[in-house]
1. Angle between the Cα long axis of helix 263-276 and the longest principal axis of the chain, 0 to 90 degrees, nearest 10?
2. Treat every Asp and Glu Cβ in the range 152-246 as -1 and every Lys and Arg Cβ as +1, leave all other atoms uncharged, and give the resulting dipole magnitude about the Cα centre to the nearest 20 debye.
3. Using +1 at the Cβ of each Lys and Arg and -1 at the Cβ of each Asp and Glu in the range 4-213, identify which of Gly17, Gly107, Ala121 lies farthest towards the dipole's positive end.
4. In the range 239-301, what trypsin sites (Lys or Arg not before Pro) fall in a loop by DSSP, with at most 16 other Cβ atoms inside 10 Å?
5. For the Cα atoms of the chain, what angle does the longest principal axis make with the long axis of helix 163-178, in degrees from 0 to 90, nearest 10?
6. For the chain, give me the percentage of DSSP beta bridges that are antiparallel, rounded to the nearest 5 percent.
7. Which of the lysines could a cross-linker bridge to Lys226, judged by Cα under 25 Å and excluding same-chain residues fewer than eight apart?
8. Report the far tail of the P(r) of the chain, meaning the percent of Cα-Cα pairs longer than 31 Å.
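Bear in mind these aren't lab numbers, they're just calculated from the coordinates by the rules spelled out. Small disclaimer: the values here were computed from a predicted structure and weren't measured. Every residue, glycine as well, gets a Cβ built from its backbone with ideal geometry; the counts of neighbours run over all protein chains shown.
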Amino acid sequence: MNDIVIEVKNFRKTYGGFVAVDGISFEVQRGEIFGLLGPNGAGKTSTLETLEGLRQPNGGKLSILGVDPSRQPHRLRNLIGVQLQSSGLPGNMTPQEAMQIFCTYHGVAPRLDLLDRLGLAEKRHTQFHGLSMGQQRRLALALAIAHHPPVIFLDEPTAGLDVPSRIELHELMSELQTSGTTLILATHDMAEAEKMANRVAILLKGKIAATGTPAQLTAAGSGLTKVSVLSENTCLSQNSVAFPAVAQRLFKDNYAIFYSSNPGQTVTALIAYLETQRDALIDLRVERPSLEERFLEITNIHPTNGVLS
């Protein structure tokens, strides 16, 4: 049994003389949550919209469950669900009306239970323009999954959601995955991608810069350990003392942060220095690099908030 649900081979997308996507290839397995990451302008939107049948490729091959999105749009429509960042629903349409229309289009019974599940029970008859941004996002998700598509595209799904709604969405994503649904997650939230995605691909200037599980990507980085120190007088923010094995340091949110190739040596030296400065240690954290830090490393985007050296 072939478990490849999405196949992208040498995909290329141009706009005039501008190359948005330059010959990328990847595959997505059945039941996988696949994260598509990258800075603005990296080619994520062009890739997603071509897979969704909204744009024509300028080269390469794309398929979803054997269907060519650009040549077989009628076969594609019941295979995918799409939660967009912004919805084109009429301002006077209610969530219940939208659900009934979308389900009729796909030939399934209205899934009003999804409105309840996503916290829209009391907003069933509220016009779309009267919904908050978070409520509009939840409605878009309900419409995307109402017809039980085997593949779902989520574009910044938690943008504008409060914490309980984010938790509910992540639980729903896990349930969908357990049922065998394949999800493509495009997000700028690296913590979300690290938590939810089985594998990720990082796009940069139209090419895939890295792909793998979040753990594989973080392990393939510089190998530095993050040491964060919060002290009473924040003396570490105002000195240029060289600590052993430290490759980079910065100051953020009152924490002095050090990236070390030997955290044991670094922590010992830091504690000794705080004692000489009579500065009390409040918090000490030793962590492996996060996916966000690996993403910044791959894309060569450096934090500018209080860089010390």
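1. Long axis of 263-276 versus the principal axis of the chain: about 50 degrees.
2. On the way: 6 positive and 10 negative charges, 116 e Å.
The dipole of the range 152-246 has a size of about 560 debye.
3. Most positive-ward Cα: Gly17.
4. Values: sites: Arg249, Lys252, Arg278, Arg285, Arg294; in loops: Arg278.
Sparse-neighbourhood loop trypsin sites (Lys or Arg not before Pro): Arg278.
5. 60
6. Numbers: 38 of 55 bridges.
Within the chain, antiparallel bridges account for around 70 percent of the total.
7. Result set, ordered by chain and number: Lys195, Lys252.
8. Values: 20107 of 47586 pairs.
The calculated P(r) of the chain puts 42 percent of pairs beyond 31 Å.
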